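The values are calculated or read from the model by the stated rules, or taken from the named source; none is laboratory data. Source: prediction; values computed, not measured. For neighbour counting, all protein chains shown are included, and Cβ atoms are generated from backbone atoms with ideal geometry for every residue, glycine included. Accessible surface areas use protein heavy atoms only, side chains included; no ligands, DNA or RNA. Shrake-Rupley method; radii C 1.70, N 1.55, O 1.52, S 1.80 Å.
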Amino acid sequence: AISSGINAEWPLRPGELLLFEGLFQDREIMRYVIRNMNNSKFKVQGSNVILTVKIREDAYDYPTVEEWETYFRTINGKRNWSECTPGERADTVIIKNLPTKWFSLDANNPKPCERFLRDAFTLFGTIRKVDYEDCVEEGELGDDITSLTSQFGIPLTFNAYIQYQNYTSFKAAMSGLKGKQLMRLFPGQKPTFSPFVVDYDRTGFMTDKIHKARKIERERAAEEAKRKHEAYMKQQSELMAKQIEKQKRKRRKLEEKKMAAKKSKKDKRRKRKGDINECEKKEKSTDCDSALIPLL
């Protein structure tokens, strides 16, 4: 990675810089760019201002061999740690801000997969154990993984703890991951990159005792989540059954109203027909009575 500052008098105030950062696939390309662009000058189109480019390799803090060796040498006496106990020595690499969806089995199982973690970092040596903790950063997750956050309650990044079998593998991982980024490549698509931060564990996160306690807690939390899910699904099923029953009652009432309306119409037609027949009978009776009247 490089950082570049352009010294400009316009439109910025004197002494201010425009800062750019770039990422290259390897150091040879980066060094070529630095050699050819550092101290170069160019003119802004439509202006007489000449800008000067200052470019250098980006510097960042990274743990050194002396740092972790000194730390574990001094901390072992304070915490009563032992160099023979896994997790209490220099054997665990922390890789922070890894994208969760790159290491999950599928969308229905968003947690990082242990097998994927082992496959990704076994390059440096034999892995004893892997574990993780969720991590949430501000921002949004795009296709280029420029920044990370949490969506729908699922953390989009996590911190991976990779515990190697021996110190040689741990040291190789710490050296090999320096200045690197994670790349994902699918056939026919452009590669996507994800930056990460590397450190060594100082907390005993991967000691057998703490790891076992964390596993038990996760199993308990999983059982609790399963119980809550089952209770929720049961509640939803009962609500659905009530809604279906309510709809059935509503349909029955509508059918009853329709049947009552039909019956009422039939009754009205029968009554109207009976009234018509009664009128016809009366008319016929009147005609008969008129025919029997004698002539005077």
With θ set to phi - 60°, apply the Karplus curve 6.51 cos²θ - 1.76 cosθ + 1.60 along segment 118-128 and write out the HN-Hα couplings as whole Hz, x wherever there is a Gly or Pro. 5, 4, 6, 10, 7, 4, 8, x, 6, 8, 7
Anchor Lys209: lysines whose Cα lies under 20 Å away (excluding residues fewer than 8 positions away in-chain): Lys78, Lys129
In terms of modelled amide H atoms, which long-range or inter-chain residues lie less than 5 Å from the amide H of Thr157? Thr100, Cys135, Glu137
In nm, to one decimal, how far is the Lys234 label point from the Asn36 one, both placed 7 Å along Cα→Cβ? 7.0 nm
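Among rounded, prolate and oblate, which fits segment 158-247 when a ≥ b ≥ c are the square roots of the eigenvalues of its C-alpha gyration tensor, a/c under 1.5 means rounded, and a/b larger than b/c means prolate?
oblate
In whole percent, and with a 1.4 Å probe on the protein chains, what portion of the accessible area of segment 94-133 is carbon and sulfur?
Values: 1010 of 2050 Å².
Answer for segment 94-133 is 49 percent, counting heavy atoms of protein chains only.
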Classify segment 48-98: rounded, prolate or oblate, from the alpha-carbon gyration tensor (a ≥ b ≥ c, eigenvalue square roots; a/c under 1.5 rounded; otherwise prolate if a/b is larger than b/c)? prolate
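Once you have the Cα-Cα distance between Lys96 and Glu223, take 0.36 nm times their residue separation minus that, and quote the gain in nm to one decimal. Walk me through the intermediate numbers first.
On the way: separation 127, 0.36 × 127 = 45.72 nm, distance 2.77 nm.
Using 0.36 nm per residue and subtracting the Cα-Cα distance, I get 42.9 nm.
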